[in-house]
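The values are calculated or read from the model by the stated rules, or taken from the named source; none is laboratory data. Bear in mind the structure is a predicted one, so any value in this text is a computation, not a measurement. All Cβ positions, glycine included, derive from the backbone under ideal geometry; neighbour counts span all protein chains shown. Heavy atoms of the whole protein, side chains included, go into the accessibility calculation; ligands, DNA and RNA do not. Shrake-Rupley method; radii C 1.70, N 1.55, O 1.52, S 1.80 Å.
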Amino acid sequence: MAIGINTLGLYQQGSSVLHRVSAWAKLIGLVVLGAASIWLQSRWWLVLAVLGLVVVGYLVAGFPVGLMFKQLRPMIWLLVFIAVMNWWSFDWQRGIAVPGMIATLVAAAGLVTLTTPMSALIDVVVRAVGPLRRFGVDPERVGLTLMLGIRCVPVVAGLASEVREAQIARTATHSFRAFAVPLLVRALRDADAIGDALVARGFDD
Amino acid sequence: MVHIEVDHVGHRYGQGALARQVLDGVSADLTESRIGVIGHNGSGKSTFVRMLNALLIPSQGVIKVNGLDTASEAKKVRRLAGFLFTDPDTQIIMPTVAEDVAFGLRKSGLSKPEIAARVDELLERFGLSGHREHPAHLLSGGQKQLLALASVLITSPQLIIMDEPTTLLDLRNARMIGQVIGELSQTVVLATHHLHLLDDFDRVLVFDSGRLVADGTPTEAIAHYRRLMEV
Ligand SMILES: Nc1ncnc2c1ncn2[C@@H]1O[C@H](COP(=O)(O)OP(=O)(O)OP(=O)(O)O)[C@@H](O)[C@H]1O
Ligand SMILES: [Mg+2]
């Protein structure tokens, strides 16, 4: 029942330059950054410079830097793990560059979703995929799938912390199975309910 | 006017040894504009109302809405009938209030200004105009249910089916939603445990263990339901 849409990474109204730039430009920027990341990663200081630019982006958009860390928090342990692995198997430069690049991409993606209404993002995707229609791709469906993907990340994260709290309240233990089973059951049940709602609202094909 | 024909309908969940008959031999011809559905937990209310919107196809019998068989013309039935769920959080799909209301018209072919005008009209009607650009999840429970209802109404259905729309709300919000339901011009089928919502209804169906055991005015039906509890 508490499957709320989290504030995490979802559009926040504003009038900054970043809010006004077209959704196309922002998505293309993201794609370019993603492509360039392979090259950027080879110089740790470049990665840090780009990360710095993203921080500036948050400030320009009128968000506190804390909001950026909020986007990264769910993956902080993953980043630490990647950092340690890279440092240990290569050198400290890679230990900074590789997780730094991932963090930069996630933070930049977060910045785009924070400054762009979801419907605008879907419209871009639907249009971009449009030419594939002749190969039997349904653009609306691609856009919808993407949107559901974005919508479900915070939902599952929210569920996870709720199940965790319920588990600790009841048993004061940290067994993985006692965590995973109710999480899975609830995620599936909610997915089912969202599926029903989509069908009921006319998106049944 | 909406005409719902329920003809010897039964439903079975699961298969083989796990199969369970949860609805059996239900028949009714519904033409009233306010129809209530009551019964104990597990009596089959949700199963029944979900069938009216073709979310579920009966394993026995036939349901027709305005002559459309839910089994073969599910899409047309759903265009005619909207569905309001218990938990608005699972029903709200888009992040902001206005986007969510507009969602149902994405494939309607209407222009953006036309869609915006209809969205504004509905938000105005439900006192949500001030929340146009707000994240939907920040609304109160009652407002979320109003939003969910607005999102259903945007496609102009003739029939609105509701499965316990007030169960998660406090008394004040439940009453407010009840009032809004009363003012709808559409045909309403409402499954609920909040019996007072049915005071002005035309007809109430009582389910017990998957069977339709009473069918009449709210007073008759509720009296029957109360007697069920005594035995
Ligand atoms: N998807 C399903 N698979 C198997 N059994 C189900 C499923 N959905 C419901 N049931 C069973 O069917 C029976 C009727 O359920 P239904 O949800 O229609 O009852 P209800 O009257 O809506 O109850 P409540 O007041 O608790 O909402 C119950 O015994 C339930 O356990
Ligand atoms: Mg039910």
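Selection of segment B:180-199 for residues being in a loop (DSSP other than H, G, I, E, B) and open to solvent by 50 Å² or more (accessible area, probe 1.4 Å) yields B:Ser185, B:His193, B:His194, B:Asp199.
Filtered by the rule that a residue be under 13 Å from the mean Cα position of the chain (by Cα) and within 18 Å of A:Asp196 (Cα to Cα), segment B:152-183 gives B:Val152, B:Leu153, B:Pro157, B:Leu159, B:Ile160, B:Ile161, B:Met162, B:Asp163, B:Glu164, B:Pro165. If we keep just the residues of segment A:59-77 that are touching a residue at least 24 places away in the same chain (Cβ under 8 Å) and either closer than 9 Å to A:Ala107 by Cα or in contact with a Cys (Cβ under 6 Å, 6 or more places away or on another chain) (or both), which is surrounded by the most Cβ atoms within 10 Å (Cβ to Cβ)? Looking at the filtered set, the residue picked out is A:Met68. Within segment B:29-56, the set of residues being away from ligand 1 (no atom under 13 Å from the Cβ) and open to solvent by 10 Å² or more (accessible area, probe 1.4 Å) comprises B:Asp29, B:Thr31, B:Glu32, B:Ser33, B:Arg34. All conditions in (1) among the hydrophobic types (A, V, I, L, M, F, W, C); (2) more than 12 Å from chain A (Cβ to nearest Cβ); (3) outside any strand (DSSP E or B) hold for B:Ala54, with the sole exception of (2). Among the residues that make up segment B:123-139, is at least one of them assigned to a loop (DSSP other than H, G, I, E, B), facing chain A (nearest Cβ under 10 Å) and surrounded by 21 or more Cβ atoms within 10 Å (Cβ to Cβ)? Checked segment B:123-139: no residue is assigned to a loop (DSSP other than H, G, I, E, B), facing chain A (nearest Cβ under 10 Å) and surrounded by 21 or more Cβ atoms within 10 Å (Cβ to Cβ).
With the condition kept exactly as written, say whether any residue in segment B:68-79 is open to solvent by 30 Å² or more (accessible area, probe 1.4 Å), under 21 Å from B:Glu164 (Cα atoms) and more than 16 Å from ligand 1 (Cβ to nearest atom). Checked segment B:68-79: at least one residue is open to solvent by 30 Å² or more (accessible area, probe 1.4 Å), under 21 Å from B:Glu164 (Cα atoms) and more than 16 Å from ligand 1 (Cβ to nearest atom).
With the structure loaded, tell me whether B:Leu149 is away from ligand 1 (no atom under 16 Å from the Cβ) and either more than 14 Å from every other protein chain (Cβ to nearest Cβ) or open to solvent by less than 50 Å² (accessible area, probe 1.4 Å) (or both) or whether it fails that test. Give the steps one after another, and end with the answer.
On the way: away from ligand 1 (no atom under 16 Å from the Cβ): yes; either more than 14 Å from every other protein chain (Cβ to nearest Cβ) or open to solvent by less than 50 Å² (accessible area, probe 1.4 Å) (or both): yes.
It is true that B:Leu149 is away from ligand 1 (no atom under 16 Å from the Cβ) and either more than 14 Å from every other protein chain (Cβ to nearest Cβ) or open to solvent by less than 50 Å² (accessible area, probe 1.4 Å) (or both).
Just checking, which of B:Val65, B:Val2 is under 15 Å from the mean Cα position of the chain (by Cα), crowded, with 24+ Cβ neighbours inside 10 Å, more than 16 Å from ligand 1 (Cβ to nearest atom) and more than 13 Å from chain A (Cβ to nearest Cβ)?
Details: B:Val2 fails: crowded, with 24+ Cβ neighbours inside 10 Å.
The match here is B:Val65.
Residues in segment B:167-179 that are crowded, with 18+ Cβ neighbours inside 10 Å and either at pLDDT 95 or above or in a helix (DSSP H, G or I) (or both): B:Asn173, B:Ala174, B:Met176, B:Ile177, B:Gly178. Applying a threshold of 6 Å to beta carbon distances and a minimum spacing of six or more residues, or different chains, the list of pairs starting in segment B:124-138 at a residue that is acidic (Asp, Glu) and ending at one that is not in a loop (DSSP other than H, G, I, E, B) reads B:Glu133/B:Thr96.
Please work out if B:His224 is part of a loop (DSSP other than H, G, I, E, B) and open to solvent by less than 70 Å² (accessible area, probe 1.4 Å). I'd like the intermediate steps shown before the answer.
Values: part of a loop (DSSP other than H, G, I, E, B): no; open to solvent by less than 70 Å² (accessible area, probe 1.4 Å): yes.
No: the conditions fail for B:His224.
Name every residue in segment B:25-46 that is more than 14 Å from chain A (Cβ to nearest Cβ), within 16 Å of ligand 2 (Cβ to nearest atom) and over 11 Å from B:Val204 (Cβ atoms), in order of residue number. Result: B:Val26, B:His40, B:Asn41, B:Gly42, B:Ser43, B:Gly44, B:Lys45.
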